[in-house]
Amino acid sequence: MKGGDMRSGDMGRGAMRRRAMRRRGIEGGAVKLGAVKLGSRAVAIAAALALTIAAAPAAAQDGYSVHGRVAGADGAAIDGAMVVALALPDSVLTKFSLSDGGGQFTLTRVPAGDYLLQITMVGRETIRQPFTLTDSNLDAGTIALEVLAVDMDELVVSIEHVPFVNRRDTLAYNANAFV
């Protein structure tokens, strides 16, 4: 049989694929649109052009950025402070970031609107500042976080032995727990 050994009239995979492509109007990597036959390169260029045109309005609506610096009362940068933009009036989390080693933070692609900038760090007071984005980026400046002092009662540390430990299928008793 021509084109290889095929049993009882079965078509090979390549032949079946070519036949299906012909039914759909696709021949040799080309797409047939009505009476116009486009090559794969023309299809790729048309797709890229369509995506570029569709992305242009979206790029203009990406939003704005909010940047600033988180520092302690002494002016030293605070690394790892959580900075969030909460949409007002319902405080929905819109964007978040952590401050870097220099205390710098940037919230990107924040849509225009009214927000609450909240900065938190363990062992520091939480700061909340309202802000509005209308038509430009916002520089929040340097935000100082005061140390949160908490008075604690004395702490007593003691050791307690666990009387038994479950190890897979065995219950092991600790003799030191009964001394």
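The values are calculated or read from the model by the stated rules, or taken from the named source; none is laboratory data. Keep in mind the model is a prediction, meaning the values are calculated, not measured. Neighbour counts are summed over all protein chains in view; Cβ atoms, including those assigned to glycine, are modelled from backbone coordinates with ideal geometry.
Selection over region 72-87 of residues that are more than 22 Å from the chain's Cα centre (by Cα) and farther than 14 Å from I119 by Cα gives a count of 4. Among residues of region 139-155 that are without any contact (Cβ under 8 Å) to a residue 40 or more places away in the chain, those with a Cβ under 8 angstrom from a residue that is of a type outside the set (S, T, Y), sequence gap 6+ or separate chain, pair up as L148/G123; L148/R124; L148/E125. Entry remark, region 60-74: residues being over 18 Å from T120 (Cβ atoms) and either free of Cβ contacts under 8 Å to residues at least 60 places away in the same chain or part of a strand (DSSP E or B) (or both) number 6 in total.
Each residue in region 75-90 was checked for being exposed (fewer than 13 other Cβ atoms within 10 Å of the Cβ) and either farther than 20 Å from G123 by Cα or touching a His at 6+ places or on another chain (Cβ under 6 Å) (or both), and 2 of them qualify.
Only one of the numbered conditions (1) more than 27 Å from G72 (Cα to Cα); (2) small (G, A, S); (3) assigned to a loop (DSSP other than H, G, I, E, B) is violated by A172, and that is (3). Of the listed requirements (1) of a type in the set (G, A, S); (2) closer than 24 Å to V150 by Cα; (3) surrounded by fewer than 17 Cβ atoms within 10 Å (Cβ to Cβ), A71 misses just one: (3).
Scanning region 72-107 for residues that are of a type in the set (D, E) and touching a Gly at 6+ places or on another chain (Cβ under 7 Å) yields one hit, D79. Inside region 95-122, residues that are surrounded by fewer than 18 Cβ atoms within 10 Å (Cβ to Cβ) and among the hydroxyl-bearing types (S, T, Y) make up a count of 4. Pull up region 126-136, narrow it to residues that are over 20 Å from L93 (Cβ atoms) and not small (G, A, S), then point me to the one that is surrounded by the most Cβ atoms within 10 Å (Cβ to Cβ). Residue satisfying both the conditions and the ranking: T134. In region 81-102, the residues that are within 15 Å of A140 (Cα to Cα) form Cβ pairs under 8 Å with partners that are surrounded by fewer than 18 Cβ atoms within 10 Å (Cβ to Cβ) and among the aromatic types (F, W, Y), at six or more places apart or across chains, as follows: M82/F96; V83/F96; V84/F96; A85/F96. Consider region 125-169 and keep the residues that are part of a strand (DSSP E or B), out of contact with any Gly (no Cβ under 8 Å at 6 or more places or on another chain) and among the charged types (D, E, K, R). The one that is modelled with the highest pLDDT is R128.
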